[in-house]
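J.: Below you'll find the structure I mean.
Please treat every number below as a calculation from the coordinates, not as lab data. None of these values were measured; they are calculated from a predicted model. Neighbour counts run over all protein chains shown; Cβ positions are idealised from the backbone, glycine included.
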Ligand code: DOR
Ligand code: ZN
């Protein structure tokens, strides 16, 4: 049986393509191939490369590299770990020269990290406040990785002091205790207050907790310019999956409880969640699996598997091998288009047209996800062996 539909090529507003500087994990060519194979034809790429995208030159270099990529439109977030980095953003946004105007078209906003993750991009308080102020003034979308550095540090010390029995085995599930929900909730609260103070268009990256989501819900009710995204790994995996995934389930923010997972699906159902975005963050298997699990790098690939996972839910199924569907989780094809095209297109001013890139999908075809068949350079997936319904048949790019 087949049932073919056509959709606009999707937009993934949160990916790490690793070029330049980390190309043993992935590069623009390999990760774009993964995106296109997964029905994603536009991506917004994060600044934690080497060098980090914190200067005009670094952005110009990425834009030059991306011009060689045919099938995927790559846009870039600038980053800022120091106040002076924000001056580069201001030049790009306000500069009248054709060079700045061209760069502005390729730049989708500013990314600020409240705590360190891959690439140590954590910004201090002063830089964070100035980032909200300046983005408010310039009208630049600001995306924040919301984890409170001090609370993470406190939780980490508490775990280490407690001498948890798992510590001797360096159990990776401790990672979720070392970056607890309260840390995300406090950071989201702080960020919303700053967005309110400076009228900043603020977007929460990879929201993972019920409490954080509730704060976004309330901010929206208050009429604040606040939006959010959730990642497939927080929709389909929980702390219970550490047992099978080990360090392949390690990312920031970390896997959460079943209650948090259910809350994210409820946020999709009631419209609080604006986007689903992958936080595609390839690391090699060797990096993930050799050495102390608690020191393994955080991040999982996801750009090629997001659409099949979502299509499976839209078909009334549940792709997790346990088969235990989250109560109240539902999704229609129109929701996927809203969450993975219309909303990111609007929030980040990407100017994409629905008929610019088209993807053809066989809604009834079932297949098994296998890392060896995926296109990311990293060659693995946290969804190994999962059965999904819906396959991307063809991408028609101009
Ligand atoms: O898990 C993550 N991986 N979280 C981040 O914030 C960064 C990302 C990466 O670049 O590896
Ligand atoms: Zn990320």
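J.: Roughly how many nanometres apart are two label points built 7 Å out from the Cα toward the Cβ at residue 84 and residue 71?
T.: Distance between label points: 4.2 nm.
J.: Indicate the gyration tensor shape class of segment 1-99 (rounded, prolate or oblate), computed on the Cα atoms with a ≥ b ≥ c the square roots of the eigenvalues: a/c under 1.5 is rounded; otherwise a/b larger than b/c is prolate and the rest oblate.
T.: prolate
J.: So between residue 197 and residue 243, what do we pick up on full extension, going 0.36 nm a residue minus the alpha carbon distance?
T.: 12.2 nm
J.: Taking the chain as a Gaussian network, Cα atoms linked when under 10 Å apart, which of 244, 53, 209 shows the biggest mean-square fluctuation?
T.: 244
J.: At R0 = 25 Å, how high is the FRET efficiency between residue 2 and residue 262 if r is their beta carbon distance? Nearest 0.05 is fine.
T.: 0.15
J.: Given the -39500 (n - 2.57) contribution per DSSP H run of 4+ residues, what per-residue ellipticity at 222 nm results for the chain, rounded to the nearest 500 deg cm²/dmol?
T.: Rounded to the nearest 500, the figure is -10500 deg cm²/dmol.
J.: Then there is this: Looking only at Cα atoms, what is the convex hull volume of segment 254-398 per residue, in Å³? Each step should come with its number before you reach the end.
T.: On the way: hull volume 20.0 nm³, N = 145.
Dividing the Cα hull volume of segment 254-398 by its residues yields 138 Å³.
J.: Mind telling me which of 147, 184, 286 comes out most flexible in a GNM of the chain, alpha-carbon contacts under 10 Å?
T.: Greatest mean-square fluctuation among the candidates belongs to 286.
J.: Work out the P(r) tail for the chain: percent of alpha carbon pairs separated by more than 38 Å, whole number.
T.: 13
J.: Shifting gears a bit: Rounded if a/c is under 1.5, else prolate if a/b is larger than b/c, else oblate: which is segment 161-252, with a ≥ b ≥ c the root eigenvalues of its Cα gyration tensor?
T.: Details: a/c = 3.42, a/b = 2.16, b/c = 1.58.
Since a/c reaches 1.5 and a/b is larger than b/c, the shape of segment 161-252 is classed as prolate.
J.: Going highest first, how would you order 372-378, 235-241, 302-308 by mean Cβ packing within 10 Å?
T.: 302-308, 235-241, 372-378
J.: Now for a separate question. Report, largest value first, the span of the C-alpha coordinates of segment 98-206 along each principal axis, in whole Å.
T.: Rounded to whole Å, the extents work out to 59, 29, 21 Å.
J.: Same structure, new question: Run the simple label-point estimate for residue 218 and residue 129 please: 7 Å along Cα→C-beta, distance reported in nm.
T.: It is 2.3 nm.
J.: A further question on this structure: So if each residue of separation counts as 0.36 nm, and I subtract the Cα-Cα distance between residue 99 and residue 368, what length gain in nm does that give? Mind dumping the intermediate values first?
T.: Working: separation 269, 0.36 × 269 = 96.84 nm, distance 4.58 nm.
Taking residue 99 through residue 368 to full extension adds about 92.3 nm, to one decimal.
J.: Another question, then. If you take the square roots of the eigenvalues of the alpha-carbon gyration tensor of segment 312-361 and sort them as a ≥ b ≥ c, do you get rounded (a/c under 1.5), prolate (a/b over b/c) or oblate?
T.: In terms of gyration-tensor shape, prolate.
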